[in-house]
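Remarks on the structure that follows.
All of the numbers you see were taken from the coordinates with simple rules; none came from a lab. Remember, predicted model here, so these are calculated numbers, not experimental data. Ideal geometry is used to build each Cβ from the backbone, glycine not excepted, and the neighbour counts take in all protein chains shown.
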Amino acid sequence: MLQVVDLAISFGGVAAVKGVSLSVGAGEFVGLIGPNGAGKTTLLRLMTGVLRPDRGQVQFADQDITAMTVDERARRGFVMTHQIVRPFRQMTLLENATLAAGHALTRQPWLALWRTDARAAQARAQHELERVGIADAAHKLASQVPLGYLKRLQVAMALALDPRFVMLDEPLAGLNYHEAERFSNLLIELHQQGLGLLLVEHNLGEVLRVAQRLVVIDSGAVLADGVPQEVMAQPEVRRAYLGEAHA
């Protein structure tokens, strides 16, 4: 489903991503981890089109998408959720999700002038809020609900785009133990429904619990790739996280 080939980018002469190659199969659940500053978020931005690489290629569903914009990739089912949640806070959760569900109209505003019936988009939005477990707050403003709800809202909005593959950038950040566990269980359910996932996360306990495969990034390069428990047992991975004295 996703193939990254020799992806690289530098900022001011400093290499942030150094020729990364990785692949994720259709319906696979992969965890992408690494110490702070390893280049994980930069890699995600390269894959989603926020940044353009100095070299390398991104392929999605056997199509070269390297030169495509963010919205072009999203329309093909390649979607990302962000660590910092930024909904429209003076709109309800349902209204936020309805905007995503009506993406075919909102990307071409002139169509919206001729089609004012939002019932289909609202029904889809309600379905996705139920799917992620926050339908009880559908009519609350985004400014009135806790962070855990906003994190799930972001997933609901991603699902409303009919994704084939979703990348999540540190979705557990800011959540307590029980919230993180519930959110991870939601990701398991989505994976079981056939959705491909790439999870970037610092909560190693949850990543090891839910991911099928683990890719470790360090200093902008792939350090390890394989079965989670086996990857975390490798001395070079332990060294990257814990330092030489504890490796």
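Assorted remarks:
- Descending semi-axes in Å of the range 121-206, equivalent ellipsoid built from Cα gyration tensor: 20, 17, 10
- Only beta bridges with both residues in the chain are counted; by DSSP, about 55 percent of them are antiparallel.
- Under 5 Å between amide hydrogens, built in the peptide plane, is the criterion, and for Thr81 it picks out Met167, Leu168, Asp169 among residues at least 5 positions away or on other chains.
- Cα centroid separation, the range 181-237 to the range 1-15: 21 Å.
- Amide hydrogen proximity for Gly196: with H placed 1.01 Å from N in the peptide plane, the residues at 5 or more positions away or on another chain lying under 5 Å are Gly27, Val166.
- When each of Tyr177, Tyr241 is scored by the number of other beta-carbon atoms lying within 10 Å, the sequence from fewest to most is Tyr177, Tyr241.
- For the range 60-217, size of Cβ-based charge dipole, Lys and Arg +1, Asp and Glu -1, in debye: 300
- Cross-link reach list, lysines versus Lys40, counting only Cα pairs under 25 Å and skipping chain neighbours closer than eight places: Lys18, Lys151
- For the chain, the spread of Cα positions along the three principal axes, ordered from largest to smallest, is 60, 40, 33 Å.
- Table column - 3J(HN,Hα) (Hz), the range 229-234, Karplus curve with 6.51, -1.76, 1.60, x for Gly and Pro: 5, 5, 5, 5, 7, 6
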